[in-house]
Amino acid sequence: MDGSIKKKVFNGAVIIAVVSIIAKLTTFAQEAVLAAYIGTTFKSDAYHMVSSIQMVIYPMVSVGIWKVFLPLYKEKVTHNRIDEANRFANKVITFYSIIAIALVALIMIFTGAVVSLVAPGFEGETRELTIELVRISAPMYITVIGSAVYAAMLQCHNRFFGAQIREVVSHIPTLVAAIFFYRRWGIQALAYALIIGGFLRLVIELFFVNWGYRYKPDFRFKDDDMGKMMKRLPYVLIIESVTKINSLIDKAMASGLPEGTISCLSYASKLTHVFSGLLSTAISTALYPQMIELIALKKQKELSNLVVKTVDIFAVMMIPLTTACILFRTEVVSAAFGRGAFSAESVALTAGIFAVYCVAFFSSATNGVLNNIFYGHGNTKVPMILTIIGVVANVGLNLVFIRLWGAIGLAVTTSSLSIVMLFVRFRLTRKYVSLNLKRVLTVTAKVLLISLISCGIPRLLFSFVHLNKYLTLVISALMAVPLYYLGCRLLKITELDDIIQLFFAKFKRRKNKASA
């Protein structure tokens, strides 16, 4: 990997990781407070379904920003056509503002139909409450979608902190509402907090737009750039729509299971993102603009080296994390949510679902990087076909596994398909990059062996020695980390040393600047 690119990716990843840690802690605090106040009741099911609808609608609308607008905008920035890039951004913001306003109007008019579609098992009081909460929170989409465009621009200009800090501030209103206003105004206070959070997402980004850009409405949508965007947009819309509808299929099927199951699925999914998302999102987010830059400059060899190195790093970081989360699943879930109205039964079910989701940490992270290779080359058709195939398979397997294992069966389907589709993407991306699948499998096998040993020893120890969950997790981590590092050195896995060297090099540079 080229040294300058490695530094850009690493520096960006460090910034994103630090901000993401703060964001994840904020999210964790929010979810822990919500678990304690609303537990796993029909009210929590209604609120989590509102959040689930948001996690479907927002990506469906904004996916064109990340997968189509960002590559086109970054290409202009790479070739130093900043004025042209700014004019393009004005048109895109105007275009998406119109879409956002129309979307809010449709949600307000057809709320009942939306809820019936995503939660067919909801009846009576649960359904009525869900409809009310969806209507209250609908205006948030206007600012949230505008925020996505600014975030993409900030990433293209390597303002990673500005692009990520929005994830921190957007959760604060919900946290405050749960603690101070829930008892007085009920679950509706949380819905209003979503609107405030969406507004803060956008406002905080504006402070980091410092390259001479000012938004001016521009309705001249008939030009080459908008033409390219409109041509590619339908494919990514189908991809995201099908993907998010796929996640709602899981919840729709779960809506027929016992009360609280949807909440357990939501908590397990969010906890999964806390662990896997922190690492994979940080690296992928910093990596994506650099991939686009290499593609724009037609440096295919450097692109291949960058992707191979990234996959190896994912293996070194995600597989031990997967192993630890599976072996200590009950302690992790109990430490995160096991208080207040979150009962022992809720902990047990959430822990089982969480463990199965963890199996796909590495494959999910790598699938995202491989998908970006297609998007960077303007190929949105292949990802669309793969997504549709995955959803059809998901529905079929869900029907089988939900009867065998209930909610855990839904997680089994999700993780197994992620692994299968990873191998498919490896083969299809050979058109653009040279990837050595044998090397990846070798590194993965070595890392898995080391992870089982380093995490298995403390797990075995605490099968005989019983401490509280917090001490168990802390002592286990203190034991596992040095064991894992020693194992990597013995089996000559160099990627871990590369990460450590980059970290200390960055620390040394900052120390030198401070002393200068």
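Listing for the model above:
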{"item": "Some residue of region 209-229 being more than 16 Å from residue 94 (Cβ to Cβ), among the aromatic types (Phe, Trp, Tyr) and over 20 Å from the mean Cα position of the chain (by Cα)", "result": "yes"}
{"item": "Near pairs, Cβ below 9 angstrom, 6+ apart or cross-chain, from region 104-126 (under 11 Å from residue 49 (Cα atoms) and in the same structural domain as residue 138 (by TED's automatic domain parsing)) to any residue that is basic (Lys, Arg) and assigned to a helix (DSSP H, G or I)", "result": "115/127; 118/251; 119/127; 119/251; 126/43"}
{"item": "Set 401, 426, 337: member being buried (at least 16 other Cβ atoms within 10 Å of the Cβ) and within 23 Å of residue 316 (Cβ to Cβ)", "result": "426"}
{"item": "Near pairs, Cβ below 7 angstrom, 6+ apart or cross-chain, from region 70-94 (in the same structural domain as residue 215 (by TED's automatic domain parsing) and over 21 Å from residue 160 (Cβ atoms)) to any residue that is hydrophobic (A, V, I, L, M, F, W, C) and assigned to a loop (DSSP other than H, G, I, E, B)", "result": "91/221; 94/219"}
{"item": "Members of region 353-365 that are free of Cβ contacts under 8 Å to residues at least 60 places away in the same chain and in contact with a Lys or Arg (Cβ under 9 Å, 6 or more places away or on another chain)", "result": "355"}
{"item": "Residues satisfying the stated conditions in region 162-182, i.e. closer than 21 Å to residue 36 by Cα and free of Cβ contacts under 8 Å to residues at least 60 places away in the same chain", "result": "170, 173, 176, 177, 180, 181"}
{"item": "Qualifying position, being in contact (Cβ under 8 Å) with a residue 24 or more places away in the chain and not assigned by TED's automatic domain parsing to the domain that holds residue 467, among 316, 333, 369, 382", "result": "382"}
{"item": "Among the candidates 36, 89, residue that is more than 21 Å from the chain's Cα centre (by Cα) and either surrounded by fewer than 19 Cβ atoms within 10 Å (Cβ to Cβ) or not in a helix (DSSP H, G or I) (or both)", "result": "36"}
{"item": "Residue check, residue 232 in contact with a helix residue (DSSP H, G or I) (Cβ under 7 Å, 6 or more places away or on another chain), surrounded by fewer than 23 Cβ atoms within 10 Å (Cβ to Cβ) and at pLDDT 85 or above", "result": "yes"}
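The values are calculated or read from the model by the stated rules, or taken from the named source; none is laboratory data. It should be emphasised that the depicted structure is a prediction, and the values quoted were computed from it without experimental measurement. Positions of Cβ are generated from backbone atoms using ideal geometry, with glycine treated the same way; all protein chains shown enter the neighbour counts.
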